[in-house]
Amino acid sequence: MMPQPSYEYGVARVRVLETKLLTRERIERMADAPSAEEALKVLSETSYAPLVAELVSPYEYDELLSKEMSRVRTFIDEISPDPAITDLFFLKYDFHNLKVLLKYRYLGGQDEGLPLVQIGTIPVEILRKGVDDPESGLLPPFMVNAVRRVDQACALKIDPQKIDILLDLAMYDHIFEVCRRKRNGFALGYFQMQVDLLNLRSLLRAKRLGQGFDFLKEMLIPHGSLNVSFYSRAMEQPYEQLIKEAESTPYGKVMAEAVQDFLRTGTLTAFERLMDDFLLNYVKALRYNPFGIEAIVGYLLAKENEIKLIRIIMVGKINNLPAEKIRERLRDVYV
Amino acid sequence: MELGHIFAVLGTAASTTGTGLSMGQIYAILGAAAAVVLAGLGSVFGVAIAGQSAAGVVTEDPDKFGQVLLLQALPGTQGIYGLLIGFIIMNKMNIFGGMVDVSTETGLLLFVSALPIAIVGLISAIYQGKTSAAAIGIIAKRPEELGKAITFPVVVETYAVLALLASFLMVNGIPV
C-alpha cells in the first residue's frame, strides 16, 4: 500500500486550490451573461478552461461538471491522509446508486440511462454486480446487509419510500460507526448536524402531510443530537411553538427562517438552502486547522457547492430564464 | 537506575580501559552531545513538518518555491544553535588538542549549561515547524503577505534565541 500523504501536505495543496474556486463576482458575471455560450466564456477564464475547450456545445455542460467532479474525487483520494474519513463524504453517491439500482429491480423501468453517478467509493460496474449477487464479496458487508434488508422489506410490500429510508439508515449507521472508531470529532459533528437537519426536514414534511408521530418515527435517522421526545412533541405543537422549542437547539435560526418560508410557499427549498449553508459554515469555521481533515473536506464541499451553482446558471441560460430569475435562485444557494 | 550511577560505571570502565577519562570530562562531553543531538532532532522534526506543507504548495504552484523554502528553513536554526553551544564546550575542553582535565563539578556545570538550548531547542523547533506549516498556508493564498506570514514562526524563534543566550553565558562563565 502506498503511504498516505500527511495532513500538512494535503492541507497545503488545498490552500492553493482554494484560491482557484470561483469568486462571487465571477458567478454573478456568469448569471448576467446574455447566453449560455457567453456564460461558458466566463467559465473559460477560470480553472475550468481546459474542460470548456473540450465542449462541443453548451448543452453538454453536464458532462463538463461531472468531469470536474471526478477530478475532485481523484484529487481528494490522492491527498487524503485518512481515506476512511474522506470516503464517508462520497458515500452518499454510492447510496444514491444503490437506491437507483434497487428501485430499478423492484419497480422496473428502463435499464438504459439509469441515473448512476461515477464518483462514489465503489465503481458503478462493481456496485451493479455486487447488488445482483450479494454473495460475490464485491461489496463491503454493510452494503450487502443494506441490500438484504431492502430485499426482505420488498418481499412483503414494495414501497419506494421504504427503500430510501432503509438505505439512509444503513448509510448513517456505517458513517457513525466509522466516525466513532476513528475518533474523528469533526466528522462526527458534521454528520450529527446533517442527521438532525434531515430529521427536521422529515418533521416538516410529516406535519404538512398531516401525519402523526408514528409516520415520522419510521423516517427518523438515529445518531442525531435531538432526542425522540423533541420530535414527538413537535408533531403535536403548532409551528410557532416548534420555532420556540428549536431556539434551545443549534438549529433555532435555521428553523425560524425555514418554517416561515415553508408556511408561505409550502416548499422546503429554503430549508434545503439553509441546511447546506449551516453545514458549510460549520466546516468553514474549522478549516484553518493545518493539521486536520477539515480543510480537505471543506474544499470538497466548496467544490460541490460551486458545481451546483454552475448547473443552476447553465440550466437557466439554456432555458432562457432572465438574469434576475437566475440570480434569485443563486441567492438561494450561494453562501 | 540513577543517571549518575551509569556515568560513574562508564567512568570506571573508561579509566580501566586505560583511556584515562575523568568523570568531569565525560559530563562535559555529554553536555556538548546533548546540545547537538536534542536541538538537532528538534530541527529535524520542525523542518520536516514545514517541509511537507511546502511540498504541498509547490505541487500546485511551483512559483512559490522561494517563499515557502524560507519558511521551511526557520525551524532549522535550533540545530545550529545546539551545534554552536556544543562546539564552544568542545573548544573549552580542548577536545581537538588532547583534552584538558576538569573536576567532576566543572564537568557537571558544563553539562547543565548545555541543557537550555538542548531542551528548549528540541521543543521550540517542533512547534516552530507547526507554526511555519500554518504560515505556509498564508503564502498559498496570499503570496504578497510573506512579511506577516514569517512573523508568526519568528515569535517562536525568540525563545530558542533566549535559551541559546542562557547556555552561551553559562558555558562562558565556567572557568576551566
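The values are calculated or read from the model by the stated rules, or taken from the named source; none is laboratory data. Given the structure is predicted, the values throughout are model-derived calculations rather than measurements. For neighbour counting, all protein chains shown are included, and Cβ atoms are generated from backbone atoms with ideal geometry for every residue, glycine included. These area figures cover heavy atoms from the full protein model, side chains too; ligands, DNA and RNA do not enter into them. Shrake-Rupley method; radii C 1.70, N 1.55, O 1.52, S 1.80 Å.
The table below lists the values:
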item: Residue within segment A:67-88 that is out of contact with any helix residue (DSSP H, G or I) (no Cβ under 6 Å at 6 or more places or on another chain) and assigned to a loop (DSSP other than H, G, I, E, B) present; result: yes
item: Count of segment A:274-288 residues which are open to solvent by 30 Å² or more (accessible area, probe 1.4 Å) and within 16 Å of A:R205 (Cα to Cα); result: 0
item: A:L216 being in a helix (DSSP H, G or I), modelled with pLDDT under 95 and touching a Ser or Thr at 6+ places or on another chain (Cβ under 8 Å); result: yes
item: Residue within segment B:18-28 that is open to solvent by 50 Å² or more (accessible area, probe 1.4 Å), at pLDDT 55 or above and in a helix (DSSP H, G or I) present; result: no
item: Residue match in segment A:2-17 (condition: under 30 Å from A:R180 (Cα atoms) and among the acidic types (D, E)); result: yes
item: Top-ranked residue in segment B:128-176 [being assigned to a helix (DSSP H, G or I) and among the charged types (D, E, K, R); ranked as farthest from A:L17 (Cα to Cα)]; result: B:E157
item: Among (1) open to solvent by 50 Å² or more (accessible area, probe 1.4 Å); (2) under 17 Å from B:V156 (Cβ atoms) - the single one B:G82 does not satisfy; result: (1)
item: All positions within segment A:131-159 that are of a type in the set (D, E, K, R), closer than 23 Å to A:I175 by Cα and open to solvent by less than 50 Å² (accessible area, probe 1.4 Å); result: A:D151
item: B:V68 vs. criteria touching a residue at least 12 places away in the same chain (Cβ under 8 Å) and over 13 Å from the mean Cα position of the chain (by Cα); result: yes
item: Matching residues in segment B:90-138 - criterion: being under 30 Å from A:R13 (Cα atoms) and open to solvent by less than 20 Å² (accessible area, probe 1.4 Å); result: B:G121, B:S124, B:A125, B:Q128, B:G129, B:S132, B:A133, B:A135, B:I136, B:G137
item: From the options B:V120, B:V68, B:V112, residue that is within 14 Å of chain A (Cβ to nearest Cβ) and part of a helix (DSSP H, G or I); result: B:V68
item: Number of the condition not met by A:P34 [criteria: (1) within 13 Å of A:I310 (Cβ to Cβ); (2) open to solvent by 30 Å² or more (accessible area, probe 1.4 Å); (3) outside any helix (DSSP H, G or I); (4) away from chain B (no Cβ under 14 Å)]; result: (1)
item: Test: B:G56 is within 11 Å of another protein chain (Cβ to nearest Cβ), in a helix (DSSP H, G or I) and either buried (at least 21 other Cβ atoms within 10 Å of the Cβ) or at pLDDT below 95 (or both); result: yes
item: Matching residues in segment A:1-31 - criterion: being more than 14 Å from every other protein chain (Cβ to nearest Cβ) and either assigned to a helix (DSSP H, G or I) or in contact with a Pro (Cβ under 8 Å, 6 or more places away or on another chain) (or both); result: A:R24, A:E25, A:R26, A:I27, A:E28, A:R29, A:M30, A:A31
item: Long-range neighbours under 6 Å by Cβ, at least six apart or interchain, first residue more than 12 Å from A:D94 (Cβ to Cβ) within segment A:126-138, second of a type in the set (D, E, K, R); result: A:L138/A:K129
item: Hits in segment A:207-229 - residues which are surrounded by 15 or more Cβ atoms within 10 Å (Cβ to Cβ) and over 25 Å from the mean Cα position of the chain (by Cα); result: A:F213
item: Unmet requirement for B:A134, which otherwise passes all of (1) within 14 Å of chain A (Cβ to nearest Cβ); (2) touching a Lys or Arg at 6+ places or on another chain (Cβ under 8 Å); result: (2)
